[in-house]
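I have placed the structure first, in the form of structure tokens, so that the comments after it can refer back to it.
What follows is calculated from the coordinates using simple rules that are stated; it is not laboratory data. Keep in mind it's a predicted model, so treat the numbers as computed, not measured. Reconstructed Cβ throughout: ideal geometry from the backbone, glycine too, with neighbour counts over all protein chains shown.
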Amino acid sequence: MSLDNSNIETVFGACPHDCPDGCAMLFDVKDGELIKVRGNPANTYTTDRLCAKLNDYHAHHYNPDRLLYPMRRIGPKGSGEFERISWDDALSTIRERWQSIISEFGAEAILPYGYAGNLGLLNGPGCGDALFNKLGATTAEKTFCVSSSITAQIMTIGPTLGTDPESFVHAKFIIVWGANPVSTHSHLWPFILKAQRGGAKVVVIDPFRTRTAARADWHIAPRPGTDIVLALSMIHTLISDNLVDHNYVRDYCSGFEELAESAANYPANKAQEITGIAAQDIRQLAQEYAQTQPSVIRVGVGLERHQSGGQAMRAIDCLPALVGAWRHVGGGLLHMPIFVPTRQEQSSRPEWIDPDTRVLNLVQIGKHLTEELDPPVKALFVWNANPLVHAPDSNKVQQGFEREDLFTVVSEQFMTDTARYADIVLPATMAAEQNDILTSWGHFYINLNQKAIEPPGETVANSELFRRLARTMNLDDPHFYRSDLEMLRNSLDWDSPMLDGESFESLQERGTIRVKVPPADEYAPHAEGNFPTPTGKCEFVSSIGAESGFVVPPFRQMRMDKQNSAPINPVPIYEPNIECNGSDDGAYPLQFLSPKSHGFLNSEYANEAHKLKVQGEQAVLINPVDAAKRGIETGDEVKVFNDRGTLVGDALVSDKALAGTIVASFGYWTSLSRGTGVNGLTSSERQGFAGTPCFYDTAVEVLPNQD
Ligand SMILES: Nc1nc2c(c(=O)[nH]1)N[C@H]1C(S)=C(S)[C@@H](COP(=O)(O)OP(=O)(O)OC[C@H]3O[C@@H](n4cnc5c(=O)[nH]c(N)nc54)[C@H](O)[C@@H]3O)O[C@H]1N2
Ligand SMILES: Nc1nc2c(c(=O)[nH]1)N[C@H]1C(S)=C(S)[C@@H](COP(=O)(O)OP(=O)(O)OC[C@H]3O[C@@H](n4cnc5c(=O)[nH]c(N)nc54)[C@H](O)[C@@H]3O)O[C@H]1N2
Ligand SMILES: [Mo]
């Protein structure tokens, strides 16, 4: 902590949001008040700049709508009518209800619902799991995000950090594939821009002309869900045009023949029919990608939200090895450099789970709450999550939350759509009011977050929340009673070579540390193979995951039900979308995409007037061809609907949306909307491999709203 002459104390902060940028921050405090939040320039990736959402983050802490006290529901579920109660009252109610549910239905009738509203090692996704593991509650799978793409990566190139985002400046050909960094991880963009200004060609592959696509040298807009065909066709061109780095493939890869066979199904003409991209463009893309080294690919999560999204990732993961891009600094692929040495057992304790314990995937929460289950879910505990906005088929989710016999507790900062359905609401702190360590899923740094101000009202950090709950439930394992400091010290494996020379003390001193890999200007992690797969090779034919259909990523208690998951084809193959399969004669001829907004962070900030003003009301982007057919003009109020639900928004007629698709941003709250949020339309039925929901395989119709 440093003190300067203006009486401003500055401590280290770390952005807790679920975002690949994971910014290192500085909290400025004066007279006990957080007066400013800044980027910490010591982090050369996230720098002193914060994103549009966080640049007034101090004010977010003082939002008058924050929940400050425990509350009990007094009106009907969903009404938002609550009365203040004490923590003791809240905790004893929870104990009584849980105990009676356990004695009548068994502990599996309790379902924990924690997700990624906070990514900290103390307060993040897994932080409550140990308590529920100990109670014998149902185990929750959480496969909302990156589950299939990270599984694909582990199956192909292994749990590698991949290309350092800071070395993108050395690339000469950059493909941004199914990602929108200008909006969703804006600290990558300056590195791409620097490369572009130095002559690199930037290609964006996205059905929607995003802010990122608009800045690209070449925007390629495939039909959603067909990236696997595009990638396999590129591979076919690489092979037929003799652009493969055969020495690299011979020395460091396996399964070339099988991959070549799968790719041979998609010569450019055939791929054109499926993807909608001209055959000539597909060939040119493959040729330039191979011949312009270093070439690098940034993959996002957009393309995994389809039936063959995971397999598309597998095929894309093969590309840099095929052209030898890994040989170069700035070449290769960046997806999720999450493989820093955290000690997961500090939060969740998988060894406490009885192998027979029921596993439910939270993606299907609506189904679990409304259909018959044995035992039924009688108690839900929600933290770090807003399922009524983020989970698919949200009308069904709401129906489940309306159940009078369901005892729901929600720990929240705001009265979200979900909190409105709680029986008990517990108030949660924000970043500057708590301690944590943050790793990132977009860069190579670890950031310390120091408590800067006193928590308002009776808010508590998740770490303290679960201490209180453990005490309430009379659990005696010391795991539950560690102090924040003890947890902070132990949340990383300081003996790992990746943290060589660093310690908790050095993190406290500098606030941000880089894992011990060579500097970005020298780092070429797979110049000589060394892929952390079982064979040490880039596995075009995967040796893992194929049978069980899943790989447990080394973070988040994600996929558990080995038995219930479909086997994964070990060679990338194409499976067409199920709902949006190209026939446009049905009642719902359009494909509905609901990517991230520019102005919100998932559903966070969507309740703040000034953020809403910047982001704008829910817009519905529609291609001029589709708009003309329906007599829709920009500014018209339209309804987008299918059998599951109806979203109401303002039409924006634009060729940014590919013909045949509708684009509406994710994040808006149903309680503040004219219809539902985007997930009123999506289905929870179909999941790609490793459980990823097919959010974007959603068929809809759009019409002027006359209701
Ligand atoms: N501003 C902002 N930033 C965020 C978030 C936010 O809500 N707002 N959320 C955070 C979170 S949780 C995440 S996971 C990341 C996600 O960040 P991104 O990886 O950028 O993910 P999305 O916006 O979901 O999708 C990216 C793009 O994929 C495109 N897409 C959809 N279908 C396909 C397809 O079939 N093929 C291809 N090639 N592209 C397709 C969409 O049109 C979209 O533009 O962003 C994080 N950062
Ligand atoms: N249609 C569609 N659906 C999507 C997506 C999409 O692109 N389209 N994206 C998906 C993706 S990638 C993701 S990651 C999920 C995101 O889903 P979530 O991770 O659930 O994200 P949010 O909806 O922002 O909800 C996080 C909640 O946690 C609360 N919170 C934050 N910090 C704390 C804390 O310290 N303690 C407690 N108790 N609460 C806290 C916030 O106030 C917020 O209400 O949504 C998924 N759903
Ligand atoms: Mo996400």
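For the reader, a short list of remarks on this structure follows.
- Cβ-defined net charge surrounding residue 707, 12 Å radius [Lys, Arg +1; Asp, Glu -1]: +1
- Stretching residue 95 away from residue 371 to a fully extended chain increases their span by 96.8 nm, per 0.36 nm per residue minus the current alpha-carbon distance.
- Charging the Cβ of each Asp and Glu at -1 and of each Lys and Arg at +1, and nothing else, the dipole of the stretch 590-704 about its Cα centre rounds to 140 debye.
- Think of the chain as having a plus end and a minus end, set by charges on the Cβ of Lys, Arg, Asp and Glu; of 137, 8, 291, 291 sits farthest toward the positive end of this dipole.
- Straight-line reach from residue 270: taking Cα to Cα under 26 Å and skipping same-chain neighbours fewer than 8 places apart, the lysines in range are 656.
- Residue 258 versus residue 701: modelled label distance in nm, points set 7 Å from Cα along the beta carbon direction: 4.5
- Summary of packing: across the peptides 172-184, 304-316, the per-residue average of other C-beta atoms within 10 Å ranks them, highest first, as 304-316, 172-184.
- Dipole moment magnitude, nearest 20 debye, the chain about Cα centre, only Lys, Arg, Asp, Glu C-beta charged: 920
- Label-point separation, residue 528 to residue 193 (7 Å along Cα→Cβ), nm: 3.8
- Scaling the Cα radius of gyration of the stretch 412-478 by the globular reference 2.2 N^0.38 Å produces a ratio of 1.36.
- Amide H contacts for residue 14 (H built 1.01 Å from N in the peptide plane; partners 5 or more residues away or on another chain; cut-off under 5 Å): 25, 450.
- Scattering profile of the stretch 345-457 at q = 0.20 Å⁻¹ [log10 I(q)/I(0), Debye over alpha-carbon scatterers]: -1.15
- In this structure, the pairs whose alpha-carbon distance is over 27 Å, taken from 613/639; 53/142; 142/596; 53/629, are 53/629.
- Applying 1/(1 + (r/R0)^6) with r as the Cβ-Cβ distance of residue 405 and residue 65 and R0 = 30 angstrom yields a FRET efficiency of 0.50.
- Restricting attention to the chain, close to 50% of DSSP beta bridges with both partner residues there are antiparallel.
- Estimated [θ] at 222 nm from DSSP helical runs (n ≥ 4, -39500 (n - 2.57)) normalised by residues in the chain, nearest 500: -7000 deg cm²/dmol
- The stretch 590-704: Rg to Rh, with Rh as the Kirkwood radius over Cα pairs: 0.96
- Placing unit charges on each Cβ (+1 for Lys and Arg, -1 for Asp and Glu) gives the chain a dipole about its Cα centre, and among 149, 416, 23 the Cα reaching farthest toward its positive end belongs to 23.
- Theoretical gain in end-to-end length, residue 629 to residue 214 [0.36 nm per residue, Cα-Cα removed]: 146.8 nm
- If R0 equals 35 Å, the separation of the Cβ atoms of residue 481 and residue 506 corresponds to a calculated FRET efficiency of about 0.80.
- Per residue Cα convex hull volume in Å³ - calculated over the chain: 148
- Those aspartates and glutamates that a straight Cα-Cα span of less than 17 Å connects to residue 378, excepting residues fewer than 8 apart in one chain: 96, 104, 108, 402, 404, 405, 423
- Summing charges over neighbours of residue 67, with a neighbour being any other residue whose Cβ is under 12 Å away from its Cβ, gives 0 when K and R count +1 and D and E count -1.
- Extreme residue, positive dipole direction of the chain, given options 199, 363, 329 (C-beta unit charges): 199
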